[in-house]
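These notes are about the structure you will find just below.
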Amino acid sequence: MTRFVRWYGSGPLHLLALLASFALTGYAVVRLFDTQPLRVAVWFVGAAVLHDLVLLPLYSLADLPARSVLRHRATGGPAVPWINHLRVPAFLSGLLLLVWFPLVLRLASPYTRDTGLSDDVYLGRWLAITGVLFAGSAVLFALRLRRVRRAARTRGTPPAPEPGATP
């Protein structure tokens, strides 16, 4: 078993899950190519080009403004990683917008006709969900910060400065 782990890099269960996911993906691709090969090919190429050439550089650079603004905070406080408390709600909000943008931006003209439902509520609901995501993340960050400060106070040691903060 150690020889397998040394050769593969993980356990056999990981390899089995990986093979099962490849099999499921292959099955889905074969089924989709049987019914709509051109649409699947266009979607795949478009998704790869859009993601790799447009979205990846954008969200790779997205936290630079946050880092530059928050880098100048006062030091001396306890070290709590904060950047993921911005990244996660922004990612989830962006993902919701990406999935539902025709309804959020009221671009889905046949939606009301096809379903009988109005698309007037999607923008407000998306904004509310985004607000709840960021508020929940802020509360979680505050709780983590409070716990670290309390632990530093009980130990009687000065809190460590934040990583990357300049004195």
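May I ask for the angle, rounded to the nearest 10°, between helix 122-155 and the longest principal axis of the chain, with both axes built from Cα atoms and the value confined to 0 to 90°?
30
Using only Cα atoms and rounding to the nearest 10 degrees, what angle (0 to 90) does helix 84-104 make with the longest principal axis of the chain?
It works out to around 30 degrees.
For the chain, set up a Gaussian network in which alpha carbons nearer than 10 Å are linked by springs, and say which option among L140, L55, L32 fluctuates the most.
Judging by the Gaussian network model, the answer is L32.
Just to verify a number: FRET efficiency for L117 and L15, C-beta to C-beta distance, R0 = 41 Å, to 0.05?
E between L117 and L15, to the nearest 0.05, is 0.35.
Once the Cβ-Cβ distance between I83 and H51 is put in as r, and R0 is 22 Å, what FRET efficiency do you end up with, to the nearest 0.05?
0.50
With only Lys, Arg, Asp and Glu charged, each at its Cβ (+1 for the first two, -1 for the last two), find how big the charge dipole of the chain is about the Cα centre; round to the nearest 20 debye.
Computed charge dipole of the chain: roughly 1060 debye.
Once the dipole of the chain is set up with Lys and Arg at +1 and Asp and Glu at -1 on Cβ about the Cα centre, which of L133, G26, T115 lies farthest towards its positive end?
Ranked along the dipole, the leading option is L133.
Quick check: from the Cα gyration tensor, does the chain come out rounded (a/c under 1.5), prolate or oblate?
Oblate is the answer for the chain, as a/c is 1.5 or above yet b/c matches or exceeds a/b.
Just from its helices, what would the mean residue ellipticity at 222 nm be for the chain, if runs of 4 or more DSSP H residues each count -39500 (n - 2.57) and the sum is divided by every residue, rounded to the nearest 500 deg cm²/dmol?
That comes out to -23500 deg cm²/dmol.
Throughout, read-outs are computed from the coordinates displayed, never taken from laboratory work. Values in this document were obtained by computation on a predicted structure and should not be read as measured data. Counting neighbours? That spans all protein chains shown, and the Cβs are built from the backbone with ideal geometry, glycine included.
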